[in-house]
Structures are given as structure tokens and as C-alpha cells.
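A quick write-up on the structure given underneath.
The values are calculated or read from the model by the stated rules, or taken from the named source; none is laboratory data. None of these values were measured; they are calculated from a predicted model. We place every Cβ from the backbone using ideal geometry, glycine too, and count neighbours over all the protein chains shown.
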Amino acid sequence: EDQVTQSPEALRLQEGESSSLNCSYTVSGLRGLFWYRQDPGKGPEFLFTLYSAGEEKEKERLKATLTKKESFLHITAPKPEDSATYLCALRGNTGKLIFGQGTTLQVKP
Amino acid sequence: KAGVTQTPRYLIKTRGQQVTLSCSPISGHRSVSWYQQTPGQGLQFLFEYFSETQRNKGNFPGRFSGRQFSNSRSEMNVSTLELGDSALYLCASGPVGTDTQYFGPGTRLTVL
């Protein structure tokens, strides 16, 4: 069964304090691993798609990486506006998009 | 390009009633998926449609159903509402040839 586990559940950082969010997964035939950002009361906002181990993608202060068992979302020098819930999801051979429970990030000024 | 739109944004119903939610995908997208998001269960896949055909289905009871029209717009219906159906219902669309999906703002359903 395809599974996604995110850690930590919650993360508090000071502005400028870099850190990483973890997404561990098991899947039968990875078709894509996805990162989304979700603000309270809103729909998830697409960030990245990763397709194979070793792939990396960057956008502003965010960088996503992928291995055969994990993905990391690295946040460099975060700002308060980066506060949100970050969701990891994958699509395998079943075709269904399976989400993790998310990591809620709070960045204090 | 306009994003995914969902109507209504908020809805209050009572137990036993039925509800229909609507989703308009991004122009050119032919795949539409629906998800239920609750604090306890997180985001759970309901079903996916492509070119008016249900392509995939999650583990939800038959009270949850959907359809897609020839213009790719989609509706989902929940019959005989239960208190536990209170949730944020999200629609997502995706372009042909990729697995990436883009989400709408959701419909907040409250069942009293």
C-alpha cells in the first residue's frame, strides 16, 4: 500500500533559521512526488514535482530533493511569510494522489 | 490563466440532506479530482475524472458520487449527509501528460 509520512508535525523557527522538512514514503512504481503549501482556509498551492531519485528543484528559499525512500524540503533563511502547512504527496501505479499529514511551519520574526 | 474555481465556497446543511458541489478546472485541463480534507484524516482522495470517465476512486461510501461534463467541469454529490461529512472539499485539475494537479480554494461544508 502506498504510504506517506511527514515529520515533524510542527516546526517553529526564528526568522533566518534554516531547516528541513522530511517526507518518507513507500510506493509501488513512483510516478511523481509533490510538495504543496497550504495556508489556513485555502486550497493547497503547488510547489514542486519530483520524478526520480537524485532530482532537485528550487524556488526562492525552498529546495526539494528526492531519494528512493525520502524527500526533503529545505527552507533557507525563512521569513514569517513562509509560515504555512507543507504537504507532501505521491502518485504511484494506483494513480491515486496520496497525501501525508503535513508539517505546520511557524516562522517568528 | 484563471485557476480552479469551486462553488459554493461555503455551505451549511442538515443531516439527511444531499448536496452538490461544482468545480471548473483550469482552461485546457481535462483531468479533475476531488478530495476531502478534515483535521483528523487529512487530505483523502475521493475520485478522479478524465474526459467524462471516472478513472480512479478512493475508499468512500457510495453516498459520494461525481461526474464530469464535456467541457471538463465537474460536480460531486453527497447524499444522506452525516455529521462526519463536515469537511473542506477540494477540487484539483491537471494538464494532459503530467501527474501534477492544481487545487481550487475548496468548498467548506458544515453538516448540522
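Only a single item in (1) over 30 Å from residue B:8 (Cβ atoms); (2) within 15 Å of the chain's Cα centre (by Cα); (3) without any contact (Cβ under 8 Å) to a residue 60 or more places away in the chain; (4) away from every other protein chain (no Cβ under 13 Å) is not met by residue A:50, and it is number (4). Would you be able to say whether some residue in the stretch B:74-94 is more than 9 Å from chain A (Cβ to nearest Cβ), among the small types (Gly, Ala, Ser) and within 21 Å of residue A:29 (Cα to Cα)? Looking for residues that are more than 9 Å from chain A (Cβ to nearest Cβ), among the small types (Gly, Ala, Ser) and within 21 Å of residue A:29 (Cα to Cα), one finds at least one in the stretch B:74-94, hence yes.
Okay, residues lined up against (1) surrounded by fewer than 21 Cβ atoms within 10 Å (Cβ to Cβ); (2) under 23 Å from residue A:85 (Cβ atoms):
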residue: B:2; (1), (2): yes, no
residue: B:33; (1), (2): no, yes
residue: B:42; (1), (2): yes, yes
residue: B:45; (1), (2): no, yes
residue: B:51; (1), (2): yes, no
residue: B:57; (1), (2): yes, no
residue: B:78; (1), (2): no, no
residue: B:89; (1), (2): no, yes
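Per the conditions (1) in contact with an Asp or Glu (Cβ under 7 Å, 6 or more places away or on another chain); (2) surrounded by fewer than 19 Cβ atoms within 10 Å (Cβ to Cβ); (3) modelled with pLDDT of 95 or more, the sole criterion not satisfied by residue B:84 is (1).
One residue stands out among those in the stretch A:30-64 that are assigned to a loop (DSSP other than H, G, I, E, B) and of a type in the set (D, E, K, R): the one that is surrounded by the fewest Cβ atoms within 10 Å (Cβ to Cβ), which is A:60. Quick check: is even one residue across the stretch B:29-41 more than 20 Å from residue A:88 (Cα to Cα), in contact with a strand residue (DSSP E or B) (Cβ under 9 Å, 6 or more places away or on another chain), part of a strand (DSSP E or B) and basic (Lys, Arg)? Within the stretch B:29-41, none of the residues are more than 20 Å from residue A:88 (Cα to Cα), in contact with a strand residue (DSSP E or B) (Cβ under 9 Å, 6 or more places away or on another chain), part of a strand (DSSP E or B) and basic (Lys, Arg).
Do we have residue A:24 as outside any loop (DSSP other than H, G, I, E, B), surrounded by 21 or more Cβ atoms within 10 Å (Cβ to Cβ) and in contact with a strand residue (DSSP E or B) (Cβ under 8 Å, 6 or more places away or on another chain) here? It is false that residue A:24 is outside any loop (DSSP other than H, G, I, E, B), surrounded by 21 or more Cβ atoms within 10 Å (Cβ to Cβ) and in contact with a strand residue (DSSP E or B) (Cβ under 8 Å, 6 or more places away or on another chain).
Quick test for you: out of A:37, A:91, A:31, A:61, pick the one residue that is in contact with a helix residue (DSSP H, G or I) (Cβ under 9 Å, 6 or more places away or on another chain) and within 14 Å of another protein chain (Cβ to nearest Cβ).
The match here is A:37.
Residue count for the stretch A:60-94, restricted to those that are more than 16 Å from residue A:38 (Cα to Cα) and either without any contact (Cβ under 8 Å) to a residue 24 or more places away in the chain or among the aromatic types (Phe, Trp, Tyr) (or both): 7. Please work out if residue A:100 is without any contact (Cβ under 8 Å) to a residue 12 or more places away in the chain, closer than 26 Å to residue B:87 by Cα and out of contact with any Phe, Trp or Tyr (no Cβ under 7 Å at 6 or more places or on another chain). No; evaluated as a whole, the condition is false for this residue.
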